[in-house]
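For reference, the structure is listed below as structure tokens.
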Amino acid sequence: MVKPMPSPTSLPLRLLDWYDRNARLLPWRARPGEMADPYRVWLSEVMLQQTTVQAVAPYFLRFLERWPSVHALAQAPVEDVMHAWAGLGYYARARNLHKCAQVVSEWREGHFPDDEDALRKLPGIGDYTAAAIAAIAFGRRAVVMDGNVERVMARLFAVREPLPAAKPTLKGHAASLTPETRPGDYAQAVMDLGATICTPRNPACGLCPWMDACEGRKLGIEESLPAKVEKAEKPTRHGLAFWTVRKDGAVLLRRRPPSGLLGGMMEVPSTPWREGGAWELEPARAEAPLNAEWRLLPGLVRHTFTHFHLEMRLATARTGNNPLARGIWCPLDQLGDQALPTIMRKLVRHALAKAY
DNA sequence: TAATCGTGGAT
DNA sequence: TATCCAAGATT
């Protein structure tokens, strides 16, 4: 029995051929032959940073409808952008998105730079996004490295060195394959391949246009690649939030500092989040947004961030018409208009279920 | 360089 | 329930 020889067609061309037959229909993707809109490419790529296609799609469509151009987005109040971004996570992206829109709108007359180096200088655009925009929106040859490309290259070339140390090696391999023609389609093709065929678990090697060339598969180690260094265990932090109901029914919220965790988003006022045990009501009073008769509600709200678990207790109190408090009184029926991240929406739901 | 920074779906 | 992980950027 003769082993089938690899196809004589180059790897990039085989992948482009596969892409022409299998490209996914995504809301931000230009139709074949259509010119890509740099604004849409940029908006989608920023949203897609560390975020799934499924999560991004509705946000992308809402943003595009509300702010159809970079000028429109630049002129929007940043609070509106934060609110529209709520639930998508990594909120620094929303602030940088708005900053970037203002730079492009004001200083560049609405035109995004068409090369990688200039794109890289804009807020919220790093190595990956600069390369992706240059390739997809402007047809430039750029080596686009994301998690998919890293995984595909690690398997194709059987790179055993663990991430993140292996990144330069993997980029070298990616560069060796990146073609001059159709670089935007090629970049999206590798990412589609990683997302649908060369998946982290149970890769569908039988459907892969690069199967015969894959060194990882030849060695039977494809599913163990890319290797990664072990991650530290997540600690658990504890907080106690204060649900304050004014006589007219409004509740007290406040805006978080502009940078750091959940930067610029709204929150239910709370104690600091600390390790080393849950807050009791008595010491927590000192952290309350105002003096009141706090009562501890039953239950616990749990949430997990990138690097720690959070367990929140909830205390409630009622106040008169004009209490002295630092924050924003929000009528119950306007909670949906606030830039509340998911953890805060969980707290609100818990309060509405237990405090009335 | 190594931390920090969200969320939800899949397994 | 616990862990992984996704079209990464910033400091």
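The values are calculated or read from the model by the stated rules, or taken from the named source; none is laboratory data. Because the structure is a prediction, the values reported are computed rather than measured. Using ideal geometry, Cβ is built from the backbone for each residue, glycine included, and neighbour counts are taken over all protein chains shown. Calculation scope for accessible area: heavy atoms of the full protein, side chains included, ligands and nucleic acids excluded. Shrake-Rupley method; radii C 1.70, N 1.55, O 1.52, S 1.80 Å.
Might you check whether a residue that is within 30 Å of A:ALA84 (Cβ to Cβ) and within 12 Å of DNA strand B (Cβ to nearest atom) occurs anywhere in the stretch A:198-211?
no
Got at least one residue in the stretch A:77-97 being open to solvent by 50 Å² or more (accessible area, probe 1.4 Å) and farther than 21 Å from A:LEU340 by Cβ?
No.
Return the pairs, sorted by first residue and then second, in which the second residue is open to solvent by 40 Å² or more (accessible area, probe 1.4 Å) and away from DNA strand C (no atom under 14 Å from the Cβ), the first residue lies in the stretch A:21-40 and is in a loop (DSSP other than H, G, I, E, B), the beta carbons are less than 7 Å apart, and the residues are 6+ apart or on different chains.
A:PRO27/A:LEU61
Would you check which residues across the stretch A:215-254 are charged (D, E, K, R) and free of Cβ contacts under 8 Å to residues at least 24 places away in the same chain and list them?
Selection gives A:GLU223, A:GLU230, A:LYS231, A:GLU233.
From the list A:ALA165, A:ALA142, A:ALA134, A:ALA175, pick out the single residue that is outside any loop (DSSP other than H, G, I, E, B) and more than 21 Å from the chain's Cα centre (by Cα).
A:ALA175
Residues checked against (1) within 15 Å of DNA strand C (Cβ to nearest atom); (2) among the aliphatic types (A, V, I, L, M):
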{"site": "A:GLU109", "(1), (2)": "no, no"}
{"site": "A:PRO113", "(1), (2)": "yes, no"}
{"site": "A:ARG151", "(1), (2)": "yes, no"}
{"site": "A:PRO162", "(1), (2)": "yes, no"}
{"site": "A:ALA174", "(1), (2)": "yes, yes"}
{"site": "A:TYR186", "(1), (2)": "yes, no"}
{"site": "A:ASN202", "(1), (2)": "yes, no"}
{"site": "A:GLY216", "(1), (2)": "yes, no"}
{"site": "A:ILE221", "(1), (2)": "yes, yes"}
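Could you list all residues from the stretch A:45-76 that are under 10 Å from the mean Cα position of the chain (by Cα) and open to solvent by 60 Å² or more (accessible area, probe 1.4 Å)?
Scanning the stretch A:45-76 gives A:GLN50, A:THR52.
Determine, yes or no, whether A:ARG318 is farther than 19 Å from A:TRP273 by Cα and either touching a residue at least 12 places away in the same chain (Cβ under 8 Å) or of a type in the set (Gly, Ala, Ser) (or both).
When the stated conditions are applied, A:ARG318 passes them.
If you check A:GLU282, A:GLU275, A:GLU311, which single one turns out to be loosely packed, with under 12 Cβ neighbours inside 10 Å, within 16 Å of DNA strand B (Cβ to nearest atom) and farther than 18 Å from A:LEU252 by Cβ?
Within the list A:GLU282, A:GLU275, A:GLU311, the selection yields A:GLU275.
Condition first: part of a helix (DSSP H, G or I), among the aromatic types (Phe, Trp, Tyr) and more than 14 Å from DNA strand B (Cβ to nearest atom). Can you find one or more residues in the stretch A:106-123 that meet it?
yes
Would you tally the residues in the stretch A:187-214 being in a helix (DSSP H, G or I), farther than 18 Å from A:VAL53 by Cα and either touching a residue at least 40 places away in the same chain (Cβ under 8 Å) or open to solvent by less than 30 Å² (accessible area, probe 1.4 Å) (or both)?
Residues flagged as in a helix (DSSP H, G or I), farther than 18 Å from A:VAL53 by Cα and either touching a residue at least 40 places away in the same chain (Cβ under 8 Å) or open to solvent by less than 30 Å² (accessible area, probe 1.4 Å) (or both) within the stretch A:187-214 amount to 3.
Can you tell me which of A:LEU290, A:LEU262, A:LEU340 is at pLDDT below 95 and open to solvent by less than 20 Å² (accessible area, probe 1.4 Å)?
A:LEU290
Looking only at the stretch A:98-107, decide whether some residue is out of contact with any helix residue (DSSP H, G or I) (no Cβ under 6 Å at 6 or more places or on another chain) and among the basic types (Lys, Arg).
yes
Any idea which of A:ARG217, A:ARG254 is in the same structural domain as A:ARG93 (by TED's automatic domain parsing), open to solvent by 30 Å² or more (accessible area, probe 1.4 Å) and not in a loop (DSSP other than H, G, I, E, B)?
One residue alone meets the criteria, A:ARG217.
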